[in-house]
Amino acid sequence: QVQLLESGGGLVQPGGSLTLSCAASRTLLNFNAMLWYRQPPGAQREYVARIHSGGSTNYADSVKGRFTISRGDTKNLGYLQMNNLTSEDTAVYYCSVNAEYSHYWGQGTQVTVSS
């Protein structure tokens, strides 16, 4: 069984930056894609960004130009660089990985943007 662990969340002021990381409990092979989702308080989980094994990326309109998703290696799977954060980015952020013909989710990391 593979566990994903997100890290890097925390409290940041508006306009600030954070980098989230997604790591696996063991080496994952046959990586296909990594996605980030977030769930704002009282709202449904929403898509943020994805990166495919070939390197192509896609972003939700709400984060385009501010967030950057990138790949890591077979255990430190990837990152989400978040710049120019606003209060609307406050949420629990989840990484999700398609690898080894399975789909895995992390437990989430809280990001709070507040002055």
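The values are calculated or read from the model by the stated rules, or taken from the named source; none is laboratory data. This one's a predicted model, so the numbers in the text were calculated from it and none came from an experiment. In this analysis, Cβ positions are derived from the backbone assuming ideal geometry, glycine residues included, and neighbour counts consider all displayed protein chains. What goes into the accessible areas is simple: the full protein's heavy atoms, side chains included, and nothing from ligands, DNA or RNA. Shrake-Rupley method; radii C 1.70, N 1.55, O 1.52, S 1.80 Å.
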Peptides 61-67, 33-39: what's the order by average Cβ count within 10 Å, highest mean first? 33-39, 61-67
Largest-first ranking of 47, 94 by accessible area, probe 1.4 Å, whole protein assembly kept, is 47, 94
In sequence order, what are the phi-derived ³J(HN,Hα) couplings for the range 86-101 according to the Karplus relation 6.51 cos²θ - 1.76 cosθ + 1.60 with θ = phi - 60°, rounded to whole Hz, with x for glycine and proline? 10, 4, 6, 8, 4, 5, 8, 9, 10, 9, 9, 10, 9, 7, 6, 6
Integer Hz, Karplus 6.51/-1.76/1.60 couplings in order for the range 63-79, x for Gly and Pro: 10, 4, x, 10, 10, 9, 9, 8, 8, x, 10, 6, 10, 8, 6, x, 9
How long are the three semi-axes of the equivalent ellipsoid for the chain, computed from the Cα gyration tensor as the root of 5 times each eigenvalue, in whole Å, largest first? 23, 14, 12
For residue 58, what residues show an amide H to amide H distance below 5 Å, using hydrogens built from the backbone and excluding near sequence neighbours? 50
Could you please state, rounded to a whole Å, how far the C-alpha centre of the range 90-115 is from the C-alpha centre of the range 1-73? 6
Charge dipole magnitude, Cβ of K and R +1, D and E -1 - the range 1-105, Cα centre, debye nearest 20: 140
Using r as the Cβ-Cβ distance of residue 100 and residue 58, and R0 as 30 Å, what FRET efficiency do you calculate, to the nearest 0.05? 0.85
Please report the antiparallel percentage of the DSSP beta bridges confined to the chain, to the nearest 5. 90
Karplus 3J(HN,Hα) series, Hz, for the range 25-34 with 6.51 cos²θ - 1.76 cosθ + 1.60 (x for Gly, Pro): 6, 8, 4, 10, 9, 6, 4, 10, 6, 10
Residue 108's amide H: which non-local residues (gap 5+, or another chain) put their own amide H closer than 5 Å, with H modeled 1.01 Å from N in plane and none for Pro or chain starts? 6, 95
